[in-house]
Structure formats: C-alpha cells, structure tokens
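Contents: one structure, followed by commentary.
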Amino acid sequence: MNYEGTATWKSGVECDLAIKGKNIATVSPPPSFGGKEGMCSPEDIFAAALASPMNTLFLLIARNSKLDLKKLHTKAKLTMNVEGMEKLIFTDVHFTMSVGLQTDNERDRKKAHTVYDMAQKICPIR
C-alpha cells in the first residue's frame, strides 16, 4: 500500500496541503519557528492523522463485536524534542480515547476495553 500527499508553498512560510488533488488545509510552522499564530501547524495535522487510524480500527472492531457507540473521540498528543533546527525528533505519541456507549453497563464497558486493546495491538501507528 502506498499513500501520498502534497505540500505547495503559498506565501511566507505557509503551505497548502492536498490529498488526491483536494486542498485539505493551509499550514504554518509554529510561531516559535517563524509561523503565524493561530494557524494549524504540520505537526498538528500529523497528530490528527495519527489519531484517525485508532478511531477507524476501534469503529471496525466495535461493529464486528456488536458494540453500539454513541460517540468516539481519539486525541493523539505528540512530543517533539528540539535540539536546534538540525535535530527535530518526535519522541512520543500518546493516545487518549473517549468512548460513549449506547448501553453503558458493565458488560459493554468490558467489551469496549477489549475492543480498545485489539485496536492498539493491530494499529499500524503502534
């Protein structure tokens, strides 16, 4: 499997990001690297992209396990070590998942934990 996206310089240090020819966002580096305040950074987009496979896997496994959901929210928090411009390294990714169950009982909570463990085990981001 192969995937690709493009970044096209717009102005200043801003870039338009596109997937399959469709613009998805305009990004700017964080202000600490000369970017504009209040804009999404490429690192923000990367964090959201990392959260997505966990969500998708949880949804697929939950459906196959007949676990009915009300809501699902996954947050990926990335940690980057910065040792000058020549050494920017992501050192950690931490996922936090919030699951709302249609029927909030002991059986479904246990099933949700099992689904989460399975999703973590097979997620390509692990």
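See the values below:
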{"quantity": "The listed residue being among the charged types (D, E, K, R) and more than 29 Å from residue 32 (Cα to Cα), out of 77, 87, 111", "calculated": "111"}
{"quantity": "In segment 19-59, residue surrounded by the fewest Cβ atoms within 10 Å (Cβ to Cβ) [restricted to those that are among the charged types (D, E, K, R) and part of a loop (DSSP other than H, G, I, E, B)]", "calculated": "37"}
{"quantity": "Failed criterion for residue 70 (all others in (1) over 18 Å from the mean Cα position of the chain (by Cα); (2) without any contact (Cβ under 8 Å) to a residue 12 or more places away in the chain hold)", "calculated": "(2)"}
{"quantity": "Scan of segment 88-116 for residues that are without any contact (Cβ under 8 Å) to a residue 12 or more places away in the chain and open to solvent by 90 Å² or more (accessible area, probe 1.4 Å), ordered by number", "calculated": "104, 106, 107, 109, 110, 113"}
{"quantity": "Residue match in segment 54-66 (condition: in contact with a Ser or Thr (Cβ under 7 Å, 6 or more places away or on another chain) and closer than 30 Å to residue 28 by Cβ)", "calculated": "yes"}
{"quantity": "Failed criterion for residue 80 (all others in (1) in contact with a Phe, Trp or Tyr (Cβ under 8 Å, 6 or more places away or on another chain); (2) at pLDDT 90 or above hold)", "calculated": "(2)"}
{"quantity": "Top-ranked residue of segment 107-126 - restricted to ones that are among the β-branched types (Val, Ile, Thr) and touching a Ser or Thr at 6+ places or on another chain (Cβ under 8 Å), ranked as nearest to residue 46 (Cα to Cα)", "calculated": "115"}
{"quantity": "The lone exception for residue 77 - which of (1) outside any loop (DSSP other than H, G, I, E, B); (2) closer than 23 Å to residue 105 by Cβ; (3) touching a strand residue (DSSP E or B) at 6+ places or on another chain (Cβ under 9 Å) it fails", "calculated": "(2)"}
{"quantity": "Selected residue (criterion: modelled with the lowest pLDDT) from residues of segment 94-122 that are touching a Phe, Trp or Tyr at 6+ places or on another chain (Cβ under 9 Å) and outside any helix (DSSP H, G or I)", "calculated": "97"}
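The values are calculated or read from the model by the stated rules, or taken from the named source; none is laboratory data. Predicted, not measured: the structure shown is a model, and the values here were computed from it. When we count neighbours, we look across all protein chains shown, and the Cβ atoms used for this are built from the backbone with ideal geometry, even at glycine. For accessibility, only protein heavy atoms count, side chains too; no ligands or nucleic acids. Shrake-Rupley method; radii C 1.70, N 1.55, O 1.52, S 1.80 Å.
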